[in-house]
Amino acid sequence: MTTTTAPAARPDPSAPAARERRLERTDPATGRPAAPVRCAGPDEVDAAVRAAAAAWPAWRATPPADRAAALRAAARAVRDAADELGALLRATTGRLEHEARASAEVAADLLDEAAVAGLGRAGRVLAGDPAALDVVRREPRGVVAVITPWNDPYPAAAGLLAAALVTGNTVVHKPSERSDAPGVRLAGLVAGALPPDVLRVVSGDGRTGEAVVAHDEVALVAHVGSTAAGRRIAAVAGARGAKVLLENGGKDPLVVDAGVDPVLAARQIATGAFTNGGQLCTAVERAYVVEEVADAVVAELARIVEEDVVVGDPADAATTLGPLVDADQLAVVEAHVQGALDAGARLVTGGRRIERPGSFFAPTVLDRCPDDVDLLTVETFGPVAPVVRVADFEEGLRRASASAYGLAATVLTPSLDHALRAADVLDVGTVKVNAVFGGAPGGSADPRRGSGGGAGYGPDLLDELTVRKAVHLEGLGEP
């Protein structure tokens with residue numbers, strides 16, 4: 001999002017047409033120019049929102065079973081196109097192709113999941129006067145704006161689109177300009193299973209996004225992306241009373257307890273730090289390791305990086321680490337690592353951009369990182385595993401909790417007492433014990449502080465996308 005303070009103005013039909021804006025993009029694996037992104041202007045945004053608003057009454061009146069059937073059809077279309085979607089995401093963002101294809105399949109699963117869960121969220125009956133009927137209805141909000149990120153765009157978009165649509169809302173979707181083509185294609189597949197204008201998509205950057213968020217026909221904004229963009233969205237939408245759901249940046253810690261196998265711990269840290277080049281909101285960006293096992297964990301991390309990680313073309317099945325999304329992200333990672341080294345962190349391995357075409361950064365392990373550097377305080381989004389040594393598990397929990405973010409955290413511990421302690425005291429939306437990734441379908445969590453707020457997944461998200469209405473009904477009685 002941009003940093004301007006005024007909401008986007010309604011277009012003046014008598015004004016001369018604004019010059020078309022295009023964003024230049026490059027292939028992250030080769031550095032060669034890629035297709036530019038054409039930014040929708042205010043008039044196009046206005047037309048898309050108004051079309052979605054016009055389609056809402058009929059979609060709201062569509063039986064829930066028919067809305068669910070449309071989502072199941074959309075899921076089939078996405079699943080059938082998984083190869084195409086995977087290749088498109090790889091070419092646009094540098095995601096490993098097999099991971100990108102799997103990401104598309106997760107999106108299809110989320111569409112199917114919402115089709116089932118959405119059938120049972122109609123409201124509840126209250127215990128009132130036996131001669132009357134009291135109910136609380138759950139009703140759709142209207143037009144929902146869905147603004148999604150580039151790093152894992154298929155599940156992020158599908159989860160929000162499905163929840164909004166199955167509950168009877170219409171949607172205007174703006175994918176990230178860094179992954180515009182994958183976002184537009186996914187939305188097109190979903191829209192193909194729906195009546196016209198129930199789902200509209202607009203392309204563009206923060207200026208386009210702000211025009212969507214500021215539109216007075218948008219009842220709710222659901223955003224997955226950076227903390228800065230989320231705060232701007234909250235300010236613009238909040239100024240006119242619209243509801244906002246935010247899943248924003250993270251600086252997720254992982255705490256390694258005494259007694260944990262150092263090889264297992266190193267593998268978990270490496271998985272969390274290097275998957276998708278560290279470009280995940282729930283990537284491991286801080287590792288607090290009890291001193292008793294720290295030497296062995298760091299040594300095994302270095303071995304994994306130097307012997308097991310294969311940097312290369314994301315289309316090559318042998319590659320395990322591809323490029324960062326673009327040169328801008330490469331510069332952020334490089335600055336964070338250099339800042340930590342300048343402040344006294346010890347370089348174990350990596351720590352540099354790779355001199356080859358594209359935006360590649362070497363998988364990096366740093367030891368003895370100081371607390372007050374950007375690498376430990378600001379979202380990095382790169383293949384970096386910074387290790388902080390702690391005296392014991394309690395110190396690890398305390399330092400893991402000292403963050404402006406509150407998305408997720410992982411603890412590795414053989415102690416049930418320590419696991420329960422971590423689940424209680426870590427002030428984050430999700431606590432994972434002995435597994436850096438994973439979780440049952442339908443899980444829901446509220447991120448904290450700089451990581452946003454509001455349910456992002458599962459049945460609770462369906463509730464967020466509806467409003468409650470209390471209805472009291474009684475007869476007039478005999479005349």
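Tabulated data
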item: Long-range HN-HN contacts of THR349 with modeled amide H, under 5 Å; result: VAL365
item: Segment 324-479 - share of DSSP beta bridges that are antiparallel (%, nearest 5); result: 45
item: Charge context of LEU96, other residues only, Cβ under 13 angstrom, K/R +1, D/E -1; result: -2
item: Environment charge of ARG178, counting only residues whose C-beta is closer than 14 Å and scoring Lys/Arg +1, Asp/Glu -1; result: -4
item: Compactness index (Cα Rg / 2.2 N^0.38 Å), segment 255-305; result: 1.08
item: Kirkwood hydrodynamic radius over Cα pairs of segment 63-124, then Stokes diffusion coefficient at 20 °C and 1.002 mPa s, in µm²/s; result: 173
item: Evaluated at q = 0.16, 0.23, 0.28 Å⁻¹: base-10 log I(q)/I(0), Debye formula over Cα of segment 105-176; result: -0.63, -0.99, -1.21
item: From phi via Karplus (6.51, -1.76, 1.60), per-residue ³J(HN,Hα) for segment 264-280 in Hz, x at Gly/Pro; result: 4, 4, 5, 5, 5, 4, 5, 4, x, 8, 10, 4, 6, x, x, 8, 10
item: Convex hull volume per residue for segment 78-223, taking Cα atoms only, in Å³; result: 117
item: Summed residue charge, Cβ within 9 Å of VAL290's Cβ, Lys/Arg positive, Asp/Glu negative; result: -4
item: Reciprocal mean inverse distance between Cα atoms of the chain - Kirkwood radius, Å; result: 23.5
item: Hydrodynamic radius by Kirkwood, which averages 1/r over all alpha carbon pairs of segment 31-145, in angstrom; result: 17.9
item: Probe 1.4 Å, all protein chains present, accessible-area order of GLU292, GLU395, largest first; result: GLU292, GLU395
item: GLU307-ASP374 pseudo-label distance in nm [points 7 Å out on the Cα-to-Cβ vector]; result: 3.5
item: Sequence-distant residues sharing a close amide H with ARG25 (under 5 Å, placed H); result: ALA34, VAL37
item: Per residue convex hull volume, Cα atoms of segment 181-331, in Å³; result: 175
item: Projected area averaged over orientations for segment 141-251, convex hull of C-alpha atoms, nm²; result: 6.3
item: Computed over segment 311-354, Cα set: Rg, Dmax in Å; result: 12.6, 38
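The values are calculated or read from the model by the stated rules, or taken from the named source; none is laboratory data. Everything numeric here is computed off the predicted structure, so don't read it as measured data. As a convention, Cβ positions derive from the backbone with ideal geometry for all residues, glycine included, and neighbour counts pool all protein chains shown. Note: accessible area is taken over every heavy atom of the protein model, side chains too, but ligands, DNA and RNA are not part of it. Shrake-Rupley method; radii C 1.70, N 1.55, O 1.52, S 1.80 Å.
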